[in-house]
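Colleague: If you scroll down you'll find the structure; I have some questions about it.
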Amino acid sequence: MTDLVLENVHVRYGSGASAHDAVRDVSLTVGSGRIVGLVGESGSGKSTLARAVVGLHEPHAGRILVGGTDVVRARGREAAIRRDVQMVFQDASSSLDPRMTVGASVEEALAVRGTVARGRAARRAEVARLLETVELDPARAGDLPSQLSGGQRQRVAVARALAASPRVLLADEITSALDVSVQGTVLNLLRKVQRELDLTVLFISHNLAVVRQLCDEVAVMKDGRLVEAGPTTRVIDAPEHPYTRDLVDAVPRLAAPVDTPTLHRGAVS
Amino acid sequence: MTMPRDLPAAAPAGPRRRRGALLSTLRSPLGIVASLFLLTLVVLAVVGPLHWGETAKVAELTRLSEGPSADHLLGTDAGGRDVLARMLTATRLSVLTAVLATLIGVTLGVVLGLIPIVAPRWIARAVNAALGVALAFPSLLLAIVVSVVLGVGAVSLTLAIGLAMAPAYARLAQTLGSSVAGRDFVAAARILGVGRFRILTRHVLPNVRDPLIVNASIGAGTALVAATGLSFLGLGVQAPRYDWGRMLNESLEGIFVNAAPSLGLAGAIVFAGVTFALVGETLSRAFGLHQPSRRLWRRLRRRPASPGEQAAPLSVVDDPVLRVRDLKVSAPRGDWWATPVRGVSFDIGRGEVVGVVGESGSGKSLTCMAVAALLEEPLEVTADSVCFDGTELVAGGRVSGQTSGELARRLGTRMGFVFQDPSTSLNPALHVGTQVAEVGLLHGGLSRSAAHERAVDRLDAVRIPDAARRAHQYPHEFSGGMRQRAMMAMALMGEPALLIADEPTTALDVTVQREVMALLAEINEVKGTAVLFVSHDITLVASFCTRVLVMYRGAIVEDLSTADLAAGRAQHPYTRALVEAVPHLDAEPGAEFATIAEGADFPTEPVRSRS
Amino acid sequence: MTTPPAPTLLTGAPAPVSGGRSRSRGGSIGSFLLRRLVRLAGSVVALVTLVFVMVRLIPGDPVRNALGTNATAAVVEARRESLGLNDPLWQQYLDFWKGLLAWDLGDSFSLHLPVTTIIDQRLPATLELAFLSLAVVLVVSIPLGIVFAALTRGGRRPGVDVAYTSISGLLSVIPEFLTGVALVYLFAVQTTLLPVAGRGGPDSYILPVAALSLGVTAGVSRIVRVEALTVFSQDYVRTARAKRMSRRRLYLRHALPNLVTPALTVGGLVLGSLIAGTVLVETIFSWPGLGLTIIDAVRSKDFPLAQGIVIVYGLIVLVANLVIDVVLVWLDPRSALKET
């Protein structure tokens, strides 16, 4: 059983002459309980693809299957399947309502699920449990997002996503707005909850080093297309596609000086 | 840990802080004046007809259209009635009309403006189109049209103004609402399956409420002026009722004989208008939508002396291109002076490539802008010495953000910059070539055409393809990487001894980053230009620079060669933690990520053990 | 110097090389104009329909209202017939459009002249007043806003800041009809320096234009100042400062071009209120324009004249807005690209 399957997904912005294909014919299978990295540069379509998976963009063509159900065409009772896919955004200062306490944000996600924890006290307890899961003091439930640090806010965002008890979690550049000293905490947390809850994670990032250390598999996108996919160590350590190789080569390393492969020296005078 | 934390203490809980902001704004001079004015207006509106209503009716037929006297401070009108009493009596009708009209306008506007967020797309479009037409039509004319249809009178006046105000509020609500609706927290709620209506009430409305209230308050003033204007034209309140506008109309005929009533009424209308504007301004400040100009300026001058952390540099270079001693940057923050850069000293040798690394808030960018003499008020830069290319920039203990004459020429031609965000660091309204050429025009003594020619040559040197044509393009026609190269072309107009690159690749993709870095390296190599490279990415710094300055909380805590860094010979605990925390391609797949505990304190004393 | 081939990864980035970009820009300006014209047409249809509906919504019989209770039923009926008010609604609507396109809007009840003749006579006076005032507003408020932004940037001169903000705030609250009253008082009651009634020589324009533009100028200068303060804090101003130029050059060469667009946008927005303001100012200064006429028309229930003038006002604002939009796009092509 696979939790997330993309079949020939195509996302188009605009129409007529100004139409722009952000995602072209992407097929990808994410195995249950796996962390799959999706890498690419700006404009590669990776974020658009993620937004299509959670229903923020309607794909122009193709199917998106969650647990075997096509979420794009699911209607009525079936549409509830969409809540099985949750997303954590890049910038938690924007993805949490500044006017809602963090407890209320998490509670709202619980209320929508509705199946468990009816009753106020039970919901409160559940909120506290979720905050503890993401290693936050439940006493901070009454705080506004602005009273938390960037890393804490991002953990609240994870807690809110978990409140919907999803099967699939999409993480869209969740550490790129954070300082490097905080980044590791959030990444370790993501892996911890993934293991504990046996989540399927699509991890979108431009940071190859993070992807290599975190993900089981990786897919590389360029100009809306998938150019290479496979087990992470294979793709990053021995890339087959020239673009992947280029990406890997461009990552700065501690001990290696900048190489200037495409430049002819001596032009600047 | 010897220094107090630079960061503000944890803020008190939300609602309390909000109430506190309101109270402190009310206690400010503006808040006091606004409250007093509003109180006066409300009291007059309530008490006016009760207290002066009867006096206002007394017609002294022997004293028609008299000037001011002890009995009648503003004189009498053509019917022999006391103008002041009538004016005070009319407060209620004038203010009530304005407030009711505003309520109608704002309510209708908010409903219309927020429909697009919950309604299907085609309804949203129809509402939008209708709003566009309604907005193009001047609201006073709209009010005239409405009063033509409804007939004249106080009720139709209120309705007319309310309806005429609605489109503007609808557009405001729509703009505010759609900007909130476009934010990630609304997307998150949609993914959770929260209903549209609930998104509107729980997420959108609370976030648009404050600006709407402020605008409604200011709008009440506009409504009052519009209502008096219509009554003044004879299209509003009809006899025997009267408001300020109708009274003004009547008094204007006699202005040549008796000006006092007209002037008194004008005063009343302006007073009411100013009151609503002041209330709006006060609320805007209380909600934090608008920062007041620095009222505590004088009190801020008391600055706590910040102890120098690092008087001596950690390493010294012979004949440096830049020598910095005990540099401090202070900034007003709330009620006190903060010192985000506290006593930094370092040298950069000629042709040397030095990195400055640190996390956000470490003071690394401020340090660079300070040594470049680019920081201005309200920031303050003091130092023992900042010596660039043989020229001392410190005068009277300070580095001024304004330079002129020979110093300006030297800095303009010998120091170049590449800033973080290529999309904002070039002027969007000027051709790229013009911007590159400017240094030649300003300091190189070149003619306009010679400067342009050299600019094309410099653009070509940084490999802008088809430079002659590209020079005539605007920055938005360039890609991010090309814009950064244009910045470097700008620096190459002179003979730069130092290039300050402040996070030049942070906004770029890795493949573009590599090109920009390669060009920086090439400029360094070919022209012998020293580079001060600022980055949060210690790996990038290590791969490019020969020496690294590590900054933590406004101080340089370690100064080491990249060879030592790469070999794991960093000594300062913060440096070590930083290196470990950066994920790298050689890490064990599946391994835990190294972390720095949140709120961890490292010593801000530098390590000095390097040979 | 030779130009080595550019690295492919860079030219492969979003910005297309050579002519492609500029052609697509030209295209989008064309389509922008087309969209704007379509929108204008839609607005005109909406305006005319609105005015048509307005007159039909007036409670009671407009003809009876206009002629008074003394007129006999036969007279009223004859007038209704001659105005076409007895025709079916769609027929009336169609005739209304035909009349408009032939520039024939019937006769005024009160002045017994063709409505279009009256409008042709009175329109120039109103246009002069409105556009002279707009010119004054733009010419005064833009430099004023920039100068005060420069003086008070970064929290400098808090005293000047408070004084400017309070005075301009006070002036912007004072409506044009009060300014008008004050000017009449100063120049007709206290002194006789300037004419305060009617349209004659150049000096007769001074007070009406001053009354109309004073408050708006103060308000617009405040907006320009805020915009200027925003521009001064932009990264590209820092880039310019890094070239070490004089303040004068910094403001005029680097900041000003970026302020023209917001200032003109605001200018377009205030044009509507200036046109509306003419109604009041014309009344105070007995200025023989459309404003004076429409007030008389509404008071004497002369609905053919009132509807004609309302349509003309609407057309002026719609066309002026179109012109400003086109000028904005011509100055800054990116704003056309941003349009949706």
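Colleague: Just to be sure I understand: of the beta bridges DSSP finds with both ends in chain B, what percent are antiparallel, rounded to 5?
Modeller: If we restrict to bridges inside chain B, about 60 percent are antiparallel.
Colleague: Once you've got the Cα coordinates, tell me which of B:Lys328/C:Lys243; A:Lys46/B:Lys364; B:Lys364/C:Lys243; B:Lys364/B:Lys527 are over 27 Å apart.
Modeller: With Cα atoms farther than 27 Å apart: A:Lys46/B:Lys364.
Colleague: Would you be so kind as to identify which of C:Gly169, B:Ala497, C:Ile324 lies farthest towards the positive end of the dipole of the protein assembly as shown, taking Lys and Arg as +1 and Asp and Glu as -1 on Cβ and the Cα centre as origin?
Modeller: Value: C:Gly169.
Colleague: Nearest 5 percent is fine: what portion of the DSSP beta bridges confined to the stretch B:320-580 is antiparallel?
Modeller: The answer is about 60 percent antiparallel.
Colleague: Are there chymotrypsin sites (Phe, Trp or Tyr not before Pro) in the stretch B:243-276 that DSSP puts in a loop and that have at most 15 other Cβ atoms within 10 Å, and which ones?
Modeller: Passing both the DSSP loop test and the Cβ count: B:Phe256.
Colleague: Can I ask one more? Which listed residue (B:Met165, A:Val72, C:Leu252) has the Cα farthest towards the positive end of the charge dipole for the protein assembly as shown, taking +1 on Lys and Arg C-beta and -1 on Asp and Glu C-beta about the Cα centre?
Modeller: With unit charges placed on the Cβ atoms, the residue in question is B:Met165.
Colleague: Hey, another quick one. With 10 angstrom as the radius, rank B:Thr91, B:Thr228 by how many other C-beta atoms surround their C-beta, starting from the fewest.
Modeller: Fewest-to-most Cβ neighbours within 10 Å comes out as B:Thr91, B:Thr228.
Colleague: Here is a further query. Mind checking the dipole of the protein assembly as shown: about its Cα centre, +1 per Lys or Arg Cβ, -1 per Asp or Glu Cβ, Debye to the nearest 20?
Modeller: The calculated dipole for the protein assembly as shown is roughly 1220 debye.
Colleague: Shifting gears a bit: What's the longest uninterrupted piece of chain A once you rule out the trypsin sites (Lys or Arg not before Pro) that are loop residues per DSSP with at most 14 other Cβ within 10 Å?
Modeller: For trypsin sites (Lys or Arg not before Pro) (loop position, at most 14 other Cβ atoms within 10 Å), the longest site-free span of chain A is A:119-264.
Colleague: Moving on. Helix-only mean residue ellipticity at 222 nm, chain B, DSSP H runs n ≥ 4 weighted -39,500 (n - 2.57), per residue, nearest 500. What is it?
Modeller: Calculated mean residue ellipticity at 222 nm is -16500 deg cm²/dmol.
Colleague: What is the dipole size for chain C, taken about its Cα centre, with +1 at each Lys and Arg Cβ and -1 at each Asp and Glu Cβ, in debye to the nearest 20?
Modeller: My answer is approximately 2260 debye.
Colleague: What's the exposure ranking of A:His20, B:His572, going from fewest to most Cβ atoms within 10 Å?
Modeller: A:His20, B:His572
Colleague: Shape verdict for the protein assembly as shown, please, from the Cα gyration tensor: rounded (a/c under 1.5), prolate (a/b greater than b/c) or oblate.
Modeller: It comes out prolate by the Cα gyration axes.
Colleague: Shape verdict for the stretch A:15-155, please, from the Cα gyration tensor: rounded (a/c under 1.5), prolate (a/b greater than b/c) or oblate.
Modeller: prolate
Colleague: Counting only other chains, what is the mean number of Cβ atoms within 10 angstrom of the Cβ of each residue in peptide C:253-262?
Modeller: Mean partner-chain Cβ count within 10 Å for C:253-262: 3.
Colleague: Separate question: How far apart, in nm, are two points set 7 Å out from the Cα along the Cα-to-Cβ line at B:Thr506 and at B:Ile123?
Modeller: With each label point 7 Å from Cα toward Cβ, the separation is 4.5 nm.
Colleague: Please list, by residue number, everything in the stretch B:479-502 whose backbone N is under 17 Å from a paramagnetic label point 7 Å out along Cα→Cβ of A:His20.
Modeller: Of the residues in the stretch B:479-502, B:479-481 have backbone N under 17 Å from the label point off A:His20.
Colleague: Let me ask something else about it. Given R₀ = 45 Å, FRET efficiency for B:Ala70-B:Val111 by Cβ-Cβ distance, to 0.05?
Modeller: 0.25
Colleague: To the nearest 0.05, what FRET efficiency results for B:Gln571 and A:Ser176 with a Förster distance of 35 Å applied to their C-beta separation?
Modeller: FRET efficiency, B:Gln571 to A:Ser176: 0.70.
Colleague: Could you identify which residue out of A:Met87, A:Met221, A:Met100 has the top mean-square fluctuation in a GNM of chain A using Cα springs shorter than 10 Å?
Modeller: Of the options given, A:Met100 has the highest mean-square fluctuation.
Colleague: Follow-up. How much of the DSSP beta bridge set in the protein assembly as shown is antiparallel, as a percent to the nearest 5?
Modeller: Here the antiparallel bridges make up roughly 60 percent for the protein assembly as shown.
Colleague: To the nearest 10 degrees, how steep is helix B:121-136 against the longest Cα principal axis of chain B, on a 0 to 90 scale?
Modeller: 70
Colleague: Inside 10 Å of the C-beta atoms of A:207-216, what's the mean count of C-beta atoms belonging to other chains?
Modeller: Partner Cβ neighbours, averaged per residue: 5.
Colleague: Identify, among C:Ala149, C:Phe232, C:Thr278, the residue whose Cα sits farthest towards the positive end of the charge dipole of the protein assembly as shown, taking +1 on the Cβ of Lys and Arg and -1 on the Cβ of Asp and Glu, with the dipole about the Cα centre.
Modeller: C:Thr278
Colleague: Mind putting a number on the dipole of the stretch B:320-580 about its Cα centre? Charges go on the C-beta only, +1 for Lys and Arg and -1 for Asp and Glu, and I need it in Debye to the nearest 20.
Modeller: Computed about the Cα centre, the dipole is about 220 debye.
Colleague: Using a Förster distance of 60 angstrom, determine the FRET efficiency expected from the C-beta separation of B:Arg209 and C:Gln190, and round it to 0.05.
Modeller: With R0 = 60 Å, the Cβ-Cβ based efficiency is 0.80.
Colleague: Within a 10 angstrom radius of the beta carbon, how do B:Cys545, B:Cys387 rank from fewest other beta carbons to most?
Modeller: Ascending number of Cβ neighbours within 10 Å: B:Cys387, B:Cys545.
Throughout, read-outs are computed from the coordinates displayed, never taken from laboratory work. Note that the structure is predicted; figures quoted are calculated from it, not measured. So basically every Cβ, Gly included, is an ideal-geometry build from the backbone, and we count neighbours across all protein chains shown.
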